[in-house]
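Remarks on the structure that follows.
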Amino acid sequence: MIMVMRQLSITLSLVALLQNLPAIAQAPVPENTSGVPSDSIQQVTAVKWMTNYSDGKFYPEKLLSRAELASIMVKAFGLNKRQAVSKENLAIPDVPRSHWAFNDIQTVLKTDIMKGYRGNEFFPNQKVTKAEALAIFAQAYGVFQFPDDAVNDILASYPDEKSIPTWARKAIATVATEGFLNTDAQGNISPLKPVTRGDMAYVLSKYLQRQQQQPETPEVPIIPNSPQTP
């Protein structure tokens, strides 16, 4: 009798477990675990500086390639409207005309927002470090020509500021001064880590907010006709 009851108990436990499996499998997985505010992502996708994937998700933790960053910079800063774009196309061996980002890569190279490598190659699929991405963003935005002492003072508050490459310090100081820089919970910039889509969305959203806060050009008041004074 005891054996029968034990078998019955085991059977009921198995049934309960099997009934719960579909619910476990179908439990939604949170998309945004990057620490980047969701409203930052919504802002940049609303203006189409960045886009969701075909499944409607943004995937903020995915890494950015050089081609993707080039395309984002063209959209965010309207680089295709700059005069330099009218120059002849450059010969880039690893970016043929059939490449999806051909025009954007030509644009960032002609406007000097991004640089190629030796042999005029661009390496469109190469991942980008955060220092590189911030330096490229600052180049499009306009790097502030701080003296070295000021750069050191600006960056001193970040625990890992010593890991910022020399060539990126002035650019990152610019981004930090403007309030565009995102850090981790400890305040680290992590300049040598690959930049994520979420990282870029944060910087762009802050830049977008700055643009939206700019006051409109005030209208000159119309003064009604008044009698001339003697």
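The values are calculated or read from the model by the stated rules, or taken from the named source; none is laboratory data. As the structure is a computational prediction, the values presented were derived from the model and not from experiment. With ideal geometry, Cβ positions are generated from the backbone for all residues, glycine too; neighbour counts draw on all protein chains shown. Note: accessible area is taken over every heavy atom of the protein model, side chains too, but ligands, DNA and RNA are not part of it. Shrake-Rupley method; radii C 1.70, N 1.55, O 1.52, S 1.80 Å.
Taking segment 65-126 on its own, what percent of its Cα-Cα pair distances exceed 16 Å?
Summing the P(r) of segment 65-126 above 16 Å gives 34 percent of all pairs.
How far apart, in nm, are two points set 7 Å out from the Cα along the Cα-to-Cβ line at Gln213 and at Ala156?
Once both label points are built, they end up 2.5 nm from each other.
With contacts defined as alpha carbon pairs under 8 Å and 6 or more residues apart, what's the relative contact order of segment 65-126 in percent?
47
Would you work out what percent of the accessible area of segment 65-126, with all protein chains in place, is carbon or sulfur (probe 1.4 Å)?
48
What list of ³J(HN,Hα) values in whole Hz, one per residue of segment 122-139 in order, does the Karplus curve 6.51 cos²θ - 1.76 cosθ + 1.60 (θ = phi - 60°) give from phi, with Gly and Pro shown as x?
10, 6, x, 8, 5, 6, 10, 7, 5, 4, 5, 4, 5, 5, 5, 4, 5, 4
Less than 19 Å from a label point 7 Å out along the Cα-to-Cβ axis of Gln186: which backbone N atoms in segment 125-167 qualify, by residue?
130-131, 155-165
Just name one of Phe122, Gln83, Met73: the one whose Cα is farthest towards the positive end of the charge dipole of segment 52-160 (beta-carbon charges, Lys/Arg +1, Asp/Glu -1).
Of the candidates, Gln83 comes out farthest on the positive side.
Hey, with R₀ at 25 Å, roughly what FRET efficiency would Asp55 and Gln126 work out to, going by the Cβ-Cβ distance, to 0.05?
FRET efficiency, Asp55 to Gln126: 0.50.
So how do 128-136, 140-148, 107-115 stack up, highest first, on mean other-Cβ count within 10 Å?
Top of the packing list down: 128-136, 107-115, 140-148.
Ignoring ligands, DNA and RNA, what accessible area per residue does segment 65-126 give at 1.4 Å, in Å²?
Heavy-atom SASA per residue in segment 65-126 reads 56 Å².
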